[in-house]
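The values are calculated or read from the model by the stated rules, or taken from the named source; none is laboratory data. Quantities reported herein were computed from a predicted structural model and do not represent experimental measurements. So basically every Cβ, Gly included, is an ideal-geometry build from the backbone, and we count neighbours across all protein chains shown. These accessible areas exclude ligands, DNA and RNA; they are computed on the full protein's heavy atoms, side chains included. Shrake-Rupley method; radii C 1.70, N 1.55, O 1.52, S 1.80 Å.
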Amino acid sequence: MAQASATNSRVQTQRSASLGRTTRGEPMAGRWQVGQLRLLSRGKAVWKRARTAAQASVPSDGTKAKKKGEKEPNSAYKDTVNLPQTKFNLRANAVQREPEIQKYWNQTQVYEKALEEPGRKPFTLHDGPPYANGDLHIGHALNKILKDFICRYQTLRGRKVRFVPGWDCHGLPIELKVLQSLDADARKELTTLKLRRKAKSFAEKTVKAQKQQFKRYGIWGDWDVPYLTMDPAYEAAQIEVFGNMYLKGHIYRGFKPVHWSPSSKTALAEAELEYPEGHTSRSIYVFFQVEDVPPTAPTTVLENCRDIGVAIWTTTPWTIPANLAVGVNANLNYALAKVEGSAPSICTKYLLVAEGLSERLASLLGCSLTLVDTFKGSALEGITYRHPLMDRSSAIVIGGDYITTESGTGLVHTAPGHGAEDFLVGLKNNLPALSPVDADGNFTEEAGRFVGLNVLGDGNTAIIEALKEVGALLKEEEYAHKYPYDWRTKKPTIFRATEQWFASVEGFRQEALEAIRGVKWIPAAGEKRITGMTEGRTDWCISRQRTWGVPIPVFYHKDTNEPLISKETLDHVKGIISQKGSDAWFNMSVEQLLPDSLKGQAMDYVKGTDTMDVWFDSGSSWAGVLQQSEGLGWPADLYLEGSDQHRGWFQSSLLTSVATEGCAPYKSVLTHGFVLDERGQKMSKSLGNVVDPTKVIEGGKNQKQEPPYGADVLRLWVASVDYTGDVLIGENIIKQTSEVYRKIRGTLRFVLGNLHDFDPKKDRVPYHDLPALDKYMLYRLSRVSGEITDAFDSYSFSRFYAIMQKLTVTELSNFYLDIAKDRLYIDGLGGPRRRTCQTVLHAVLELLLRGIAPVLPHMAEDAFLAMPYKVDREGQKLDSVFQMGWFDTEPQWALLDDQAVSTWDKILLVRGEVNKAMELARADKSIGASLEAKVVLSLDDAVLLSYLQKLQDAQNGVDELRYLFITSGAELVPMEAFDAQALKYKTSASVEGVGVLKIGVDRADGSKCERCWNYSPLVGTFEDHPTICERCHPLVARPSEIESSTPTSALL
């Protein structure tokens, strides 16, 4: 309790704010309390005195000073009330304060010291490298912040967490950025080495910029030594992975169709494709005139062979010049259908078509198709037809199960140079992989009169017109479907047979599937997704026709074009690249690049010009980082990326690791969804719905419209969303998140402010001496601590968010702290009621600081630095909240028996009903503030009634009902006596789990105490202090007696 003998500094601090109160009736002081009131009290308004005091300004010590000329409310006892004192401001001032805290971390080397601490077991979260080609977007923020939650939590749990951020630095996007920055003349003078140097410089600048943005999010890591896929050591490790796969027979050179991007002029892997909505193709139905029929064909076909057309359907008319076969499913039923009542454009009497598609085809063509005969597809094998545009004949062959009756005609146009299934059918039937299309997507001379036309443009149109001219076109229509686009240029791709380097998955597919089963997938659906992708994975095209990348270290014979690659050549090239980087491949001669034993053959060979797929780059990171860096574990404990990486980084890492090491490179894999705007739409600059994480943190140009929220609010948003699916963000969502942030901060400030005179080593009250209310609160803290730990252990951050909201708002602000204000402000500084409460607040603070630290590190550190007592471990002063370790609640806190817990749960329900009754009584003008009231309560639950009576009888100044209800009086009366009570307001309620309640509200007896604002009949009976009550009188008249009193006894 504040005394006349208090130090000048404390009295001065107390005098800087004047006494106020809330409608609940508790005394408050100045704007400090008003700010808390908005967040912590259930009161709807602030009394006039508090509102007046709230206009005070903020001095450096964190208290509120009155404005010049402002009068303080008259109160003889305002300096005897314990006002909260703390340097921890309610306003975060994040734009200034967060960078200061980050600078403090750097100065104190908190992250580095944790790595040096002996006895810590490593925890490795391996960073999937973002692409170094622009500013960060909100998806980057979601990803890195999730990783930081985990790393900071594991640090608090005593693990050695070295987080090495990485960047993917090679590939086409960077090449394009460089080329776009040059004019036409500069491009002409651009050599391979000049382009590579410019690309490297661009990547370095981007990495530097992105690094600063990531650090501003509050991400801890080895920012001074990140891993870059263009670093020589990394490139050498990648060469070694390639070499090991080649030597084990998993990499080969072949001529086969691949996804080809004419806009990028390179082959693409499946992970480099996207399938945008809204694509339509010009699909055509065509017939090929039968030329010859083998004697094994059905009789009806033999008899009418000169009048039969083979009906096919395709969505890529430009592939017709490359047609070398028509495929059928041997087990499907096919029909010879007579064309009747048709338009004259159908220039054949009969069509071969799948029986199940004949009616649909007839309807589409506007004719009748009368089935003359039916037979299995196997009966059609060997029938030859004439190509309508090229001077050659081809045959019907047996295809596979990919031929169905879901669409088309059931007979599949087969161009082995332009399709994966087509290529396999061609191999089986000794057909060449004809691909009359060049790197630009233009027809070559093999396409005859169509040479030079672009297959995705006028070439496609020319083919359709030519088919129409020769009478082979049956129908053209628009067809909406999924079609592969280059993920970088956003333009359509084609299938084109070229000579490439491939990784054959077949040799280790089963091993990869077994490895998948040994990994923990979060969410569990990830396992099914990557399993399906691996089961159906075709050979991986790993070569690219680009300049900026890691070279495929192969030499080719000048005359035979045969590749030269061996362990000796691979080891030699790897050694060179480890010292000089991959530029060495492009600026050194063949003789220099060959090992000594082969230098004499240098004149016979040339260097290959292909580079590796960037997914091979990043997919080798387990070798280039985890196996090379000190303090990192392999396999990694966790990989964490977006759900699209099941076909990207997760899979490329899995395949390279299993192929060379026989195991997965990770123990667990966690995936998150994509970020959409708050209406669930994909973000787009054209729609104006892009949320820039930097603007969320720093604010926009107009800071009224785009206020700065700071990194912690952005981080709290990440914790609030269920990242296992797509997540939403927008202006309203950020505002709501910031309100939750302020409530948590307000709770912390209240707790810190009311511990300013508390030293846990001296003032902490033993558990057995605590009142029942405080024991219940410690029980709740023990349960909450377990729930928070479980949430972090299971990466359920949205559950942490919900738990923290409930704790700070429902359990603390609206319940415990609401009740605690009376004894914190009114009791003596060393008084027993205050010390028991502070013992609980100390536990709350220790839990809150550690609990929020992984998610809100700046707030937690800010609060840690404002802690009023010394924090040490084994006598060593701690510099940071992250040196405190995770919280451990005392075992006895959880020992509250089930009956007591159940009873307290019921008390909370009763308290809620009492509050409702007082609100109604207030509306009825029966009372004003709650301290003007007394409550009369009756209930039919005998066990609960008995426990409440024990609380009443405790007389410890804490557990009595008047304090729980924040009223000046509270009585328990038998149910049968309730109706006889003369009360201004009565109500009843039936509450589940409690039973029937009868609640009466009336004005409290006596007069208002000027100091505590409680009502008492004894106000006016003390001659020396006639305006205060019997509880406040000894605190003012004989404060020393109260200061030395013993702690309150517990209610057992």
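Quick notes on this one:
- Near pairs, Cβ below 6 angstrom, 6+ apart or cross-chain, from region 994-1005 (small (Gly, Ala, Ser)) to any residue that is part of a strand (DSSP E or B) and open to solvent by 10 Å² or more (accessible area, probe 1.4 Å): Gly1000/Lys986; Ala1004/Lys934; Ala1004/Gly969; Ala1004/Tyr1015
- Candidates Lys200, Lys215, Lys194, filtered to the one that is assigned to a helix (DSSP H, G or I), loosely packed, with under 15 Cβ neighbours inside 10 Å and basic (Lys, Arg): Lys194
- Residue in region 917-927 that is under 21 Å from Leu972 (Cα atoms) and outside any helix (DSSP H, G or I) present: yes
- For region 129-163, residues that are in a loop (DSSP other than H, G, I, E, B), open to solvent by less than 10 Å² (accessible area, probe 1.4 Å) and at pLDDT 95 or above total 1.
- Selection status of Pro232, under 21 Å from Asp613 (Cα atoms) and open to solvent by less than 40 Å² (accessible area, probe 1.4 Å): no
- One residue alone among Lys925, Lys916, Lys950 is basic (Lys, Arg), surrounded by fewer than 18 Cβ atoms within 10 Å (Cβ to Cβ) and within 26 Å of Val844 (Cβ to Cβ), and that residue is Lys950.
- Criterion applied to Ser902, Ser880 was being outside the structural domain of Leu716 (by the TED database), of a type in the set (Gly, Ala, Ser) and under 30 Å from Ala942 (Cβ atoms), and the one residue passing it is Ser902.
- Residues located in region 376-415, provided they are open to solvent by less than 10 Å² (accessible area, probe 1.4 Å) and more than 22 Å from Asp292 (Cα to Cα): Ile403, Gly408
- Sole residue being in contact with a strand residue (DSSP E or B) (Cβ under 6 Å, 6 or more places away or on another chain) and not polar (S, T, N, Q), chosen from Leu654, Leu687, Leu676: Leu676
- Single residue of region 669-711 satisfying the filter (in contact with a Lys or Arg (Cβ under 7 Å, 6 or more places away or on another chain) and open to solvent by 20 Å² or more (accessible area, probe 1.4 Å)) that is modelled with the highest pLDDT: Leu676
- Count of residues meeting criterion [in a loop (DSSP other than H, G, I, E, B) and surrounded by 20 or more Cβ atoms within 10 Å (Cβ to Cβ)] in region 310-327: 3
- Elements of type strands (runs of 3 or more DSSP E) contained in region 244-309, each with 3 or more residues being in the same structural domain as Ala322 (by the TED database) and in contact with an Asp or Glu (Cβ under 9 Å, 6 or more places away or on another chain): 280-292
- Single match in Lys567, Lys528 (criterion: farther than 30 Å from Ser796 by Cα and open to solvent by 70 Å² or more (accessible area, probe 1.4 Å)): Lys567
- If the condition is being touching a residue at least 24 places away in the same chain (Cβ under 8 Å) and either outside the structural domain of Gly448 (by the TED database) or in a helix (DSSP H, G or I) (or both), then region 363-410 contributes Leu364, Leu365, Gly377, Ser378, Ala379, Leu380.
- Filter result for Glu960 (within 22 Å of Asn814 (Cα to Cα), at pLDDT 90 or above, open to solvent by 10 Å² or more (accessible area, probe 1.4 Å) and of a type in the set (Asp, Glu)): yes
- Matching option when the condition is in contact with a helix residue (DSSP H, G or I) (Cβ under 9 Å, 6 or more places away or on another chain), part of a strand (DSSP E or B) and either over 19 Å from His259 (Cα atoms) or aliphatic (A, V, I, L, M) (or both), among Trp548, Trp521: Trp521
- Annotation for region 786-798: at least one member residue is of a type outside the set (A, V, I, L, M, F, W, C) and touching an Asp or Glu at 6+ places or on another chain (Cβ under 8 Å).
- Scanning region 972-992 for residues that are open to solvent by 30 Å² or more (accessible area, probe 1.4 Å), within 20 Å of Ser926 (Cβ to Cβ) and assigned to a helix (DSSP H, G or I) yields nothing.
- One residue stands out among those in region 821-843 that are part of a helix (DSSP H, G or I), in contact with a Ser or Thr (Cβ under 8 Å, 6 or more places away or on another chain) and not charged (D, E, K, R): the one that is modelled with the lowest pLDDT, which is Pro832.
- Among the residues of region 993-1021, those identified as open to solvent by 20 Å² or more (accessible area, probe 1.4 Å) and more than 27 Å from Val1036 (Cα to Cα) are Gly993, Gly995, Val996, Lys998, Asp1002.
- Complete set of residues in region 785-799 that are out of contact with any strand residue (DSSP E or B) (no Cβ under 8 Å at 6 or more places or on another chain) and crowded, with 20+ Cβ neighbours inside 10 Å: Ser785, Ile788, Ala791, Phe792, Phe797
- The number of residues in region 724-782 that are out of contact with any Asp or Glu (no Cβ under 9 Å at 6 or more places or on another chain), among the acidic types (Asp, Glu) and not assigned by the TED database to the domain that holds Thr808 comes to 2.
- Among residues of region 442-491 being in contact with a Phe, Trp or Tyr (Cβ under 7 Å, 6 or more places away or on another chain) and free of Cβ contacts under 8 Å to residues at least 40 places away in the same chain, the one that is least open to solvent (accessible area, probe 1.4 Å) is Ala462.
For (1) modelled with pLDDT of 95 or more; (2) among the charged types (D, E, K, R); (3) more than 11 Å from Gly327 (Cβ to Cβ), each residue gets a yes or a no:
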position	(1), (2), (3)
His387	yes, no, yes
Ile398	no, no, no
Tyr402	no, no, no
Glu406	no, yes, yes
Pro416	no, no, no
Ala420	no, no, yes
Phe423	no, no, yes
Leu427	no, no, yes
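- Within region 78-124, considering residues that are of a type in the set (Val, Ile, Thr) and under 26 Å from the mean Cα position of the chain (by Cα), the one surrounded by the most Cβ atoms within 10 Å (Cβ to Cβ): Thr124
- Of all residues in region 628-647 being outside any helix (DSSP H, G or I) and of a type in the set (S, T, N, Q), the one that is most open to solvent (accessible area, probe 1.4 Å): Gln628
Residues checked against (1) outside any helix (DSSP H, G or I); (2) closer than 19 Å to Leu247 by Cβ; (3) at pLDDT 95 or above; (4) open to solvent by 30 Å² or more (accessible area, probe 1.4 Å):
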residue: Asp559; (1), (2), (3), (4): yes, no, no, yes
residue: His572; (1), (2), (3), (4): no, yes, yes, yes
residue: Ile576; (1), (2), (3), (4): no, yes, yes, no
residue: Gln579; (1), (2), (3), (4): no, no, yes, yes
residue: Ala623; (1), (2), (3), (4): no, yes, yes, no
